[in-house]
Amino acid sequence: MKQIEVFEEIDAPPDVVWDILLEFDTYPEWNPFVREIEGLPVVGGRLRVRIQSPGSRGTTFRPEVVAVEENRRLVWHGRLLVPFAFDGYHEFHLEPVDDDRTRLLQRETFRGALVPVLLDEERVERGFRAMNEAVRERAERRVAASI
């Protein structure tokens with residue numbers, strides 16, 4: 001099992017960050033890592049997710065949404081090929097720091113026999129960092145524009 005976690009402090013409340021995470025149709029405009037998401041974020045639903053880590057070719061997969069807690073948590077489970085070969089549990093977790101700040105955690109837990117062979121931890125971590133920074137910039141601009 002391997003786990004990658006990246007945190008970002010954002011000067012925006014959780015509901016603003018949540019809205020940005022769920023605006024899937026805008027991802028191609030601003031998201032440097034998750035280039036596309038299609039589908040609805042509902043438990044049991046399937047998404048079509050296209051990721052492209054900086055410096056790599058893109059990959060498209062169809063994870064199942066396993067948890068949705070409004071303004072708090074979105075989790076999906078995806079796999080490559082067959083169960084337990086290369087499974088990933090991806091989570092966005094929003095934690096209020098105070099009324100106007102949010103700590104965003106993006107985490108992936110990888111399991112399976114192919115993880116040691118296929119997982120490029122550094123590339124995934126760079127992708128998470130790039131996305132989290134882009135979420136922060138977008139959320140903070142949105143808050144500033146509403147003042």
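Computed from Cα positions, the angle between helix 121-146 and the longest principal axis of the chain comes to roughly 20 degrees. Ranking 42, 119, 146 by Cα position along the charge dipole of region 2-146, where only Lys, Arg, Asp and Glu carry charges on their C-beta atoms, puts 119 farthest toward the positive end.
Once the chain from residue 66 to residue 26 is taken as fully extended at 0.36 nm per residue, the excess over their C-alpha distance is 12.1 nm. 3J(HN,Hα) along region 60-75: 10, 9, 10, x, 9, 6, 10, 7, 9, 10, 3, 6, 9, 7, 9, 9 Hz, from the Karplus curve 6.51 cos²θ - 1.76 cosθ + 1.60 with θ = phi - 60°, whole Hz, x for Gly and Pro.
With +1 on each Lys and Arg Cβ and -1 on each Asp and Glu Cβ, how big is the dipole of the chain about its Cα centre, in debye rounded to the nearest 20?
On the way: 21 positive and 28 negative charges, 153 e Å.
Roughly 740 debye for the chain.
Full-extension gain between residue 77 and residue 56, please, as 0.36 nm times their residue separation minus the C-alpha to C-alpha distance.
So the extension gain works out to 5.4 nm.
Run the paramagnetic zone check for residue 19: 7 angstrom along Cα to Cβ, then residues of region 89-107 with backbone nitrogen under 12 Å. Those under the cut-off are none; the list is empty.
Working note: Karplus 6.51/-1.76/1.60 with θ = phi - 60° gives region 20-37 the couplings 5, 4, 8, 7, 4, 5, 8, 3, x, 6, 9, 8, x, 10, 8, 6, 8, 9 Hz, where Gly and Pro are set to x.
Think of each Lys and Arg Cβ as +1 and each Asp and Glu Cβ as -1; about the Cα centre, that makes the dipole of region 9-68 roughly 540 debye. Over all other residues within a Cβ to Cβ distance under 15 Å of residue 25, the charged ones net out to -1, with Lys and Arg as +1 and Asp and Glu as -1. For the chain, the 222 nm mean residue ellipticity estimated from helices alone, with every DSSP H stretch of n ≥ 4 adding -39500 (n - 2.57) and the total spread over all residues, rounds to -9000 deg cm²/dmol.
Toward the positive end of the charge dipole of region 2-146, with +1 on the Cβ of Lys and Arg and -1 on the Cβ of Asp and Glu, the farthest Cα among 26, 6, 78 is that of 78.
Coordinate-derived values only; no laboratory data. These numbers come from a predicted model, not from an experiment. Positions of Cβ are generated from backbone atoms using ideal geometry, with glycine treated the same way; all protein chains shown enter the neighbour counts.
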